[in-house]
Every structure is written in structure tokens, then in C-alpha cells.
Amino acid sequence: MTRQLMKWPFQGKWIAAGFGLTLLFMGLVIFASFNSTNEIKQGANQVQDTYQTLNTLTNFSAAMTSAESARRGYIFLGNRQDLQRYQNEVINMQSELRLLKRQIHPTSSIQQQRVAQLNLLVNQRLALLEQSIQLYQKDKTALQTQTDITDRSIQLRGEIMAAIANITVEEKRYLQSSLEQSQYNINLRILIEILGTCLSIVVIFILGIILERQWIKREQIESLKSSLAQEKKLGELKVHLFSMISHEFRTPLSVILLSSQLLKEILTELVDEKQLKNLYRIQSSAKLMNHLLTDILTLTRAEAGKLDYKPHLINIENFCLNLVEDLQLFGITPYPIEFLNNGKCFRANIDEKLLYSILSNLLLNAIKYSTDTEKIYLILNSEPEAILFQVIDKGIGIPRGEQPKIYEPFYRCQNVENIVGTGLGLAVVKKCVERHQGEIIVESDVGVGTTFTVKIPHINVLK
Ligand code: ADP
């Protein structure tokens with residue numbers, strides 16, 4: 001559940017990235033379309049310009065031909081209308097030439113040179129024609145000179161036509177390349193738009209899948225949350241129920257213990273020690289039952305996260321001595337439990353009830369899983385960062401393979417045979433140690449014995 005919750009921000013990042021990517025694609029498509037539209041526009045303008053240039057060249061050629069025919073008409077027939085027409089066509093030629101200079105590609109220096117050359121040739125020819133007209137007006141019989149001028153004019157016309165042809169070829173080439181470029185730009189634009197749209201659709205599709213998965217996960221989390229809430233409620237109910245039961249059991253148990261104690265005091269005077277054996281059994285069984293009830297309640301509270309933790313300053317040496325005496329009074333072990341204080345730590349800030357659960361469970365296990373002849377040790381030690389409690393026995397030991405499982409509730413090792421137990425003691429010990437932020441370590445060998453070490457860190461300990 002926590003893992004799934006942690007995945008949320010990760011998925012959120014994917015969605016944001018997906019949206020970002022879609023926007024980026026769209027932006028790129030718009031940018032590329034805009035660029036390509038501009039290029040298409042420029043291409044169209046170029047095509048138009050080139051057409052106009054070609055048109056100007058055609059008009060110029062027509063004006064030049066018309067001017068020549070008007071000159072001849074004037075010289076050979078003496079028609080003044082032809083002179084007028086000649087002059088008009090010359091004006092037309094000059095204006096077409098000026099137009100051509102403006103229209104010709106400013107970037108193409110060869111074309112510029114060609115137009116300059118054309119201009120030169122045209123000026124030469126116009127000067128020649130002017131000379132022919134003036135000569136005719138002075139001397140109408142100078143036919144030989146007129147013929148020379150006409151020859152020279154025809155030669156110039158040929159050169160002019162060749163220059164126009166060169167310019168036209170180059171302009172047509174421009175036209176062709178502009179048309180090809182326009183076609184390429186149109187195709188590119190179509191491709192970009194198709195590609196951009198496809199990519200956006202793919203990203204949106206992936207986003208849809210992610211969102212759907214998130215939606216499913218959210219539903220799962222919701223249902224997990226509700227089952228968790230139900231579990232919590234059940235846990236609380238369990239704690240309530242066990243508290244009630246243990247309270248209800250404890251009262252008659254206390255009556256049993258008190259009555260048996262009174263009975264013992266009366267009977268000690270009247271009967272001998274051997275006959276009191278059954279009374280002792282009643283007492284120790286009642287105490288064990290009380291202990292078991294405490295264990296169940298502690299474990300239930302711990303699992304519901306409601307284990308009380310009220311540390312206060314206690315004298316741990318006295319605490320251990322009292323505990324050992326208490327267990328001795330249980331009358332379970334005929335051999336004394338030996339307590340040793342190897343450290344210099346006497347006071348500690350510990351929850352007394354939890355420490356009692358820890359040490360009593362460990363010592364009762366040590367007693368339970370040892371023979372009557374083996375001694376049991378409770379050793380108190382101190383380290384710079386922690387206080388250490390050790391419970392050592394020379395009993396049956398715990399098989400190595402099973403050691404990691406012994407803290408699980410109800411787990412009992414294979415080698416316990418017919419020794420009675422519930423499998424709850426060590427689970428309780430573990431919870432109580434964790435509540436102190438401490439740790440428990442077991443060292444054991446089958447047939448050799450067991451040492452449990454409980455470390456309580458100094459945040460709980462005062463020297
Ligand atoms: P139980 O009521 O069975 O003693 P515990 O939770 O206290 O339950 O212990 C779990 C198991 O760990 C025991 O059943 C036993 O197999 C093993 N164990 C615990 N303490 C000892 C010990 N001192 N010596 C040998 N085995 C032990």
C-alpha cells in the first residue's frame with residue numbers, strides 16, 4: 001500500500017511530461033507550419049516576380065521590333081507617323097529596361113551583369129538609330145551610309161537578342177527552381193502536419209492508458225484504505241474485548257491467589273510442608289494464568305498500535321532483584337536464578353511494566369527450557385550507548401534455522417517436545433523492546449544453551 005502511494009507522484013510526473021510533450025509537438029507543428037507557409041508565400045512571390053521579368057523581356061523585345069519597323073518606315077517612306085511611333089517605342093523600350101533592372105534578381109550578380117550588358121547594347125543601338133534618323137533628316141540621298149547603319153543595327157540587334165535569350169534562360173531556371181521549392185515546401189508541410197498529428201495522438205493515447213491505470217490504482221487504494229480502516233476498527237474492538245476479558249479474569253484470579261495465600265498461612269501451622277504441595281500448584285498456576293493474560297493483552301495492544309509506553313526513572317538493580325525474587329516465589333524452579341550487575345548503571349528511564357514483560361518472559365522461558373539442575377543467569381551490563389540485559393541458560397537451545405522465526409506469534413520450535421507453551425512470550429518481548437527503540441539478539445546452540453541479549457538505548461537511560 002505504501003509502495004503504491006509512493007508511486008503516485010511518479011505517475012503524476014508522467015502525466016505532466018505527457019501533456020508537456022503533446023504541447024511541445026503541437027508547438028513544433030505550428031512553428032514548422034508557420035515557417036513552411038512563409039516559405040510557400042515567398043516561393044509564390046518569386047514565381048510571380050520571375051513571370052513579370054519574363055513578361056518585361058517579351059514587352060521589351062516587342063517594343064524593340066516595333067521601333068525598328070517604325071524607323072524603317074520613316075526612312076524608306078518618309079511617313080511622319082512612323083517617326084512618332086518610333087519615338088514612342090523608344091520610350092517604351094527605355095521604360096521596360098528600367099523595369100527590368102528593378103525586377104531582375106538582386107542576389108544574382110550574373111543576371112545583373114547581363115542586364116547591364118543589355119543596357120549598353122540597347123544604348124548603342126538607340127544611338128545608331130538616332131544617328132540614322134538625323135542623317136535622313138539632313139540628307140535623304142545618303143543611302144550607302146544608311147545601309148551601313150542598318151547593317152550595324154542588325155548586328156547589334158542580334159547581340160541584344162542573344163543577351164535577352166541568356167537572361168530569359170536564367171529566369172526560366174529560377175522559375176523552375178522556385179516551383180520545385182514551392183512543391184517541396186508544400187510536401188514538407190503536409191508531412192510535418194501528419195507526423196505532428198500522429199505523434200500527438202500517440203502521446204494522448206499513452207496518457208489515456210496512464211490515466212486509466214491511475215484511476216484503477218486509485219480505486220484499489222481507496223478499497224485498501226477502507227479495508228485498513230475496517231481492520232483498525234476491528235483491532236480496536238479486539239483490544240477492547242481483551243481488556244474486558246483480562247479484567248474479568250484477573251479479579252477471580254486475585255481472589256484465588258489471596259485465598260490460597262491465606263489458606264497457606266493457616267495450614268502451615270497445621271500440616272507438614274509436603275501436604276502443601278497442591279496449594280503451591282494452585283498458586284503457581286494462577287500466577288502463570290495471570291502472566292498469560294498480561295501477554296495476550298500486551299500483544300493485542302501492540303498490534304493495534306496502542307501499547308502504553310510510560311518511561312520513568314527506576315532503580316534497575318532493585319527492579320531485577322525484585323523480579324528474580326518474584327519468579328523464585330513462583331516456585332517453578334528449585335535452583336536460584338543468579339543475578340549479576342556487571343555495569344555501573346543503576347538508574348534507567350524505562351517503562352516498568354514493559355521491562356517486567358521482557359525480563360519475566362525471558363526468564364520463564366529459560367526456566368521452562370532448562371533442566372532443574374541447570375543454573376540461570378540474569379546479567380546487567382552497560383555500554384556507552386545502551387544498557388544491556390542478558391538472560392543465559394544451559395537448556396535445550398534453539399535450532400539455528402528456526403531462530404529468525406521465534407518472535408512470530410504462536411511459533412514454537414521443533415525441539416520443544418512436550419514442554420507446554422503458547423508461542424506468545426517472545427512476540428511480546430519483541431514488541432516491548434521495540435517500544436523502547438531497543439533490540440534483542442539471540443545466541444543459541446541446540447543442547448548447549450541460549451543467551452538472549454536485550455539492548456535498551458541511552459535515550460531511555462540515565463546514569
Ligand atoms: P513459548 O510459550 O512456546 O515458550 P515463546 O514465544 O516464549 O513461546 O518462545 C517461542 C519459542 O522459542 C519456544 O516455543 C521455544 O521453542 C523457543 N525458545 C524460547 N526461549 C527459549 C529458550 N530459552 N531455550 C530454548 N528454546 C527457547
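Does region 439-450 contain at least one residue that is more than 17 Å from Q403 (Cβ to Cβ), more than 10 Å from the ligand (Cβ to nearest atom), under 48 Å from the mean Cα position of the chain (by Cα) and among the aliphatic types (A, V, I, L, M)? Walk me through how you get there before you give the answer.
So the first thing to find is which residues in region 439-450 are more than 17 Å from Q403 (Cβ to Cβ), and the list is none.
No, every residue in region 439-450 fails to be more than 17 Å from Q403 (Cβ to Cβ), more than 10 Å from the ligand (Cβ to nearest atom), under 48 Å from the mean Cα position of the chain (by Cα) and among the aliphatic types (A, V, I, L, M).
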Any residue at all in region 310-333 that is within 15 Å of the ligand (Cβ to nearest atom), part of a loop (DSSP other than H, G, I, E, B) and in contact (Cβ under 8 Å) with a residue 40 or more places away in the chain? yes
What residue, among those in region 377-405 that are near the ligand (Cβ under 8 Å from one of its atoms) and in contact with a Cys (Cβ under 7 Å, 6 or more places away or on another chain), is farthest from L363 (Cα to Cα)? E402
Restricting attention to region 40-63, report how many residues are in contact (Cβ under 8 Å) with a residue 60 or more places away in the chain and among the β-branched types (V, I, T). 4
Conditions (1) of a type outside the set (S, T, N, Q); (2) within 22 Å of N322 (Cβ to Cβ); (3) at pLDDT below 95; (4) away from the ligand (no atom under 12 Å from the Cβ) -> K368 fails only (4)
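Here is a check on your reading of the model: is E374 of a type in the set (D, E, K, R) and within 15 Å of the ligand (Cβ to nearest atom)? Give the derivation first.
Working: of a type in the set (D, E, K, R): yes; within 15 Å of the ligand (Cβ to nearest atom): yes.
Spelling it out, E374 is indeed of a type in the set (D, E, K, R) and within 15 Å of the ligand (Cβ to nearest atom).
Pick from V448, V433: which is at pLDDT 90 or above and either out of contact with any Asp or Glu (no Cβ under 8 Å at 6 or more places or on another chain) or exposed (fewer than 15 other Cβ atoms within 10 Å of the Cβ) (or both)?
On the way: V433 fails: either out of contact with any Asp or Glu (no Cβ under 8 Å at 6 or more places or on another chain) or exposed (fewer than 15 other Cβ atoms within 10 Å of the Cβ) (or both).
Result of the check over V448, V433: V448.
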Tally of residues being buried (at least 20 other Cβ atoms within 10 Å of the Cβ) and either among the acidic types (D, E) or more than 7 Å from the ligand (Cβ to nearest atom) (or both) across region 406-429: 2
Scanning region 387-400 for residues that are surrounded by fewer than 20 Cβ atoms within 10 Å (Cβ to Cβ) and either modelled with pLDDT under 95 or basic (K, R) (or both) gives L388, K394, R400
Does L292 count as in contact with a Pro (Cβ under 7 Å, 6 or more places away or on another chain) and of a type outside the set (D, E, K, R)? no
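The values are calculated or read from the model by the stated rules, or taken from the named source; none is laboratory data. All values reported here derive from a predicted model rather than from experimental measurement. So basically every Cβ, Gly included, is an ideal-geometry build from the backbone, and we count neighbours across all protein chains shown.
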